[in-house]
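Here the structure is laid out as structure tokens; the discussion comes afterwards.
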Amino acid sequence: MTRFKTYALLFIFTLIIGCSKDTVTLEDNETPTENNKLYFPPLNGAAWETLDMEALNWNSSAEAELYDFLETNDTKAFIVLKDGKIALEQYFGDHTEATPWYWASAGKTLTAFTTGIALQEGFLGLNDKTSDYLGAGWTSLTSDKEVLITVWHQLTMTSGMDDTQGDCKTPDCLTYMADAGTRWAYHNAPYTLIQDVVANATQTEFEDYFTSKVKNPIGMGGSWISSNGLNNVYWSTARSMARFGLLNLNQGNWNGTPVLENTDYVSAMSNTSQDLNKSYGYLWWLNGKESAMVPQSQLVFTTELMPNAPDDLYAGLGKNDQKLYIVPSQNLVVVRMGQDTGYEALGPSGFDNELWGLLNEVMN
């Protein structure tokens, strides 16, 4: 959940991208069609059905180049689910199927999903004042400015507070820059405090609520760990991340069991949430939009995040290139865990775009 690297050179290639992709996509969060029903692995054990490349008519001759790229860029684990089944799975070095790794800010998606369940169960509302749950004075703002901040502003990164304060979430670090809803900025502290909002609203420790409502119903492993006393970072295996991706691909339903039934929230979570950054939902990044903003910048770039990726892709993105990609139009979930790739930018010149270029070669 720590901040992304500097992205000042994010969209160098904007000037040379002049045409859009001809991509067939589902309508906003349309459920996969009946003839594309998803497979779900058992809740317990390591069993998970697979698909071979020949059955998929994928290009096996491009697989080695993909894995070379991943290994060169310090990847630990890589999984591609097609229709819920494992199509590609590779581990590097001493990392195995059973080795946990940190999600970093890709774990923000877990918090967004859990918040939706608290909303569904009537514990809170998106337009509720954050101070209703954290108390007056949770920021250093004047009272008339503090009460403008709602749960929705926390989910959409539009609290208006100074994002240069980073992870610090004490009132002295939460300072005013603009009225809530008028400025988009990637700011960890207001996000992190959503977990306190959910905990206070439900009168349950956040991890306990998450475990009972999300983790256990889909057979996930993992746990929240605080490394700096400020952020809770989720750690799990790559397969557990893939399970959560599959849950989202199926609109919050796990193999016929509804986990998040609020379809309006599910749709809003994975679509443009506000007009300031078209490429941001409720703590999810969105591809295929006409413009984007990125962390540590107030510039608006007139290009999508990942030109090589499907336009309907939405993603959890974390420090050191932790990746959870969801592609509804192709029934795909893609997971990448690993060390810092060394890429300096999210966008056309970034790791995501190069990875999807190679994936496209494999998927023919």
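Residue check, ASP275 against (1) in contact (Cβ under 8 Å) with a residue 12 or more places away in the chain; (2) in a loop (DSSP other than H, G, I, E, B), all met but one. Which one?
Here ASP275 meets the rest and fails (1).
For segment 223-232, state whether one or more residues are under 24 Å from LEU260 (Cβ atoms), in contact with an Asp or Glu (Cβ under 6 Å, 6 or more places away or on another chain) and either surrounded by 18 or more Cβ atoms within 10 Å (Cβ to Cβ) or without any contact (Cβ under 8 Å) to a residue 60 or more places away in the chain (or both).
Checked segment 223-232: at least one residue is under 24 Å from LEU260 (Cβ atoms), in contact with an Asp or Glu (Cβ under 6 Å, 6 or more places away or on another chain) and either surrounded by 18 or more Cβ atoms within 10 Å (Cβ to Cβ) or without any contact (Cβ under 8 Å) to a residue 60 or more places away in the chain (or both).
Quick one: in segment 82-101, of everything that is of a type in the set (D, E, K, R) and assigned to a strand (DSSP E or B), which residue is surrounded by the most Cβ atoms within 10 Å (Cβ to Cβ)?
Checked segment 82-101; the qualifying residue surrounded by the most Cβ atoms within 10 Å (Cβ to Cβ) is LYS82.
PHE210 versus (1) touching a Ser or Thr at 6+ places or on another chain (Cβ under 9 Å); (2) assigned to a helix (DSSP H, G or I); (3) over 18 Å from ALA104 (Cβ atoms); (4) not aliphatic (A, V, I, L, M): which is the lone unmet condition?
Result: PHE210 passes all but (3).
Collect the residues in segment 229-272 that are among the hydrophobic types (A, V, I, L, M, F, W, C), within 23 Å of ALA199 (Cβ to Cβ), touching a Gly at 6+ places or on another chain (Cβ under 6 Å) and in a helix (DSSP H, G or I), keeping them in residue-number order.
Those that are among the hydrophobic types (A, V, I, L, M, F, W, C), within 23 Å of ALA199 (Cβ to Cβ), touching a Gly at 6+ places or on another chain (Cβ under 6 Å) and in a helix (DSSP H, G or I): VAL266, MET269.
Any residue in segment 181-199 that's free of Cβ contacts under 8 Å to residues at least 12 places away in the same chain: show its pairings with residues that are of a type outside the set (Lys, Arg) and surrounded by fewer than 18 Cβ atoms within 10 Å (Cβ to Cβ) at Cβ separation under 7 Å, as long as the two are six or more apart or on different chains.
Every condition considered, the pairs that remain are ALA199/GLU205.
Report, by residue number, each residue of segment 197-231 that is among the acidic types (Asp, Glu) and farther than 24 Å from HIS153 by Cα.
ASP208
Output the number of the condition that ASP311 fails; it satisfies all remaining conditions of (1) under 28 Å from ARG183 (Cβ atoms); (2) surrounded by fewer than 24 Cβ atoms within 10 Å (Cβ to Cβ); (3) at pLDDT 95 or above; (4) touching a strand residue (DSSP E or B) at 6+ places or on another chain (Cβ under 8 Å).
The number of the failed condition is (4).
The values are calculated or read from the model by the stated rules, or taken from the named source; none is laboratory data. What you see is a predicted model; the values in this text were computed from it and never measured. As a convention, Cβ positions derive from the backbone with ideal geometry for all residues, glycine included, and neighbour counts pool all protein chains shown.
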